[in-house]
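First up is the structure itself, then whatever we jot down about it.
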Amino acid sequence: MIKRTLSILFAAAIPLIFLFSLPIFSQPAPTVQAQTDDIVVDKQLQRDDPVVLVGETLTFTIRIENQSAFAVTTLPLSDTFNTAVLGFASAIPAPDTVNTATGRLDWADLTTFFGDLAPGQVVTVVTEFIAEHPATAIVNQAEVHDAVGSGGDLNGGDDADDSGESIGGSLPLEKRIMDGITPTAGLPLTFTIAITNEGAVTVTVLPLTENYDPDIIQFSSAVPPPDFVDEITGILTWTDITSPLGDLPAFSTISVTVVFTALTATNDSINQASISGAVDWYDNDLAGGADDVPITIINQPAATATPGSTNTPQPGAPASTSTPTATATATAVPAAAFPETGIPPTAVSPLTAVLALFAAILPGALWLWRQRRRLRK
């Protein structure tokens, strides 16, 4: 009886023990979470187009947010940049140290400029750099380190911006025959060479080469004149046209004028100008342009005599006879015959002379007639 009772109790206890043990075995294992930064740093390039020209200014903003539960009382910041690409220009606030050799800016404590950072407060540091050399990626990193809060040391954050790209300048060249000139054998042939700096940096060295066919055209002059003239192979060389013309500023154009004499008629001649070895202010090699002008030279038209106009009769039509045209001839009048008014005198007709004589005699005749009547009385 007792054994039977114990068996029944044991059978009833097993399910109860299983139910009460479920929370123990089903409790999830504790997870290990990565420690988050108390201070978040976000650095961004402030422009829509991440591609910049060498010589342009890049502006970065460094956003710093206190996400801790304590006020930040010490906030050092460092900003590193690639000196092979960028040159430091300015920053607000100004860094305490600038190491251009290693490419690092350091602020010992930003709270001296912004004050202590309360929990949730955000401050922004602005830095400006100049793109001095071309690169496919511009890496610029900011990092908060050794920050101290009212509750002790805080974990600092960092952020790198590599969204930018720096591209070098270029010097496209355009060559053309001066307007209004038709290449004609024996006559001058003038070319203009326009060189444009499409970069944002001044060009300091600008070599130029002109190739021509000496059997077709002969070099006469150029402005500025070339440093070397090879009339055998047909090469004009300017080692650096910035020497006579000055450095070429960003987005500016200079012109070179070259005058040749066309020697013979041809429809198959090429005249080319090219740039190679140009350098900008930061000693970057620049992509040079080239342009050629196909030349067709014509012979001068032969001079022909202009025949006089003749009237050729048509078949069946009477020959036309030319009637000489009367030409009015002017009779010179001696200067002494002109009155002071400068108008030549006109001839006097006989009637006018009779009337003038009658008018002159009439007063005397009337006077004699009156005297005669008086004597009769």
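Among Phe88, Phe113, Phe129, which is within 29 Å of Leu171 (Cα to Cα), out of contact with any Lys or Arg (no Cβ under 9 Å at 6 or more places or on another chain) and modelled with pLDDT of 90 or more? Only one candidate passes the filter, namely Phe88.
Listed conditions (1) within 39 Å of the chain's Cα centre (by Cα); (2) farther than 30 Å from Phe251 by Cβ are all met by Glu65, apart from (1). For Asp179, the requirement of being buried (at least 18 other Cβ atoms within 10 Å of the Cβ) and either modelled with pLDDT under 70 or in a loop (DSSP other than H, G, I, E, B) (or both) is not met. For Thr59, state whether it is closer than 16 Å to Glu128 by Cα, under 34 Å from the mean Cα position of the chain (by Cα) and part of a strand (DSSP E or B). Spelling it out, Thr59 is indeed closer than 16 Å to Glu128 by Cα, under 34 Å from the mean Cα position of the chain (by Cα) and part of a strand (DSSP E or B). One residue alone among Ala101, Ala84 is under 29 Å from the mean Cα position of the chain (by Cα) and loosely packed, with under 15 Cβ neighbours inside 10 Å, and that residue is Ala84. Residues considered: Thr233, Thr202, Thr237, Thr209. Of these, the only one that is within 22 Å of Leu263 (Cα to Cα) and buried (at least 16 other Cβ atoms within 10 Å of the Cβ) is Thr209.
A single member of Thr253, Thr261 is in contact with a Ser or Thr (Cβ under 7 Å, 6 or more places away or on another chain), farther than 30 Å from Val85 by Cβ and of a type in the set (S, T, N, Q), and it is Thr261. Within segment 217-225, does at least one residue satisfy the condition of being modelled with pLDDT of 90 or more and part of a loop (DSSP other than H, G, I, E, B)? Checking segment 217-225: at least one residue is modelled with pLDDT of 90 or more and part of a loop (DSSP other than H, G, I, E, B). Residue-level analysis places Ile270 among those that are touching an Asp or Glu at 6+ places or on another chain (Cβ under 6 Å) and loosely packed, with under 15 Cβ neighbours inside 10 Å.
The values are calculated or read from the model by the stated rules, or taken from the named source; none is laboratory data. Please read these numbers as outputs of a predicted model, since none were measured by experiment. Here Cβ is always computed from backbone atoms with ideal geometry, including for glycine, and neighbour counts include all displayed protein chains.
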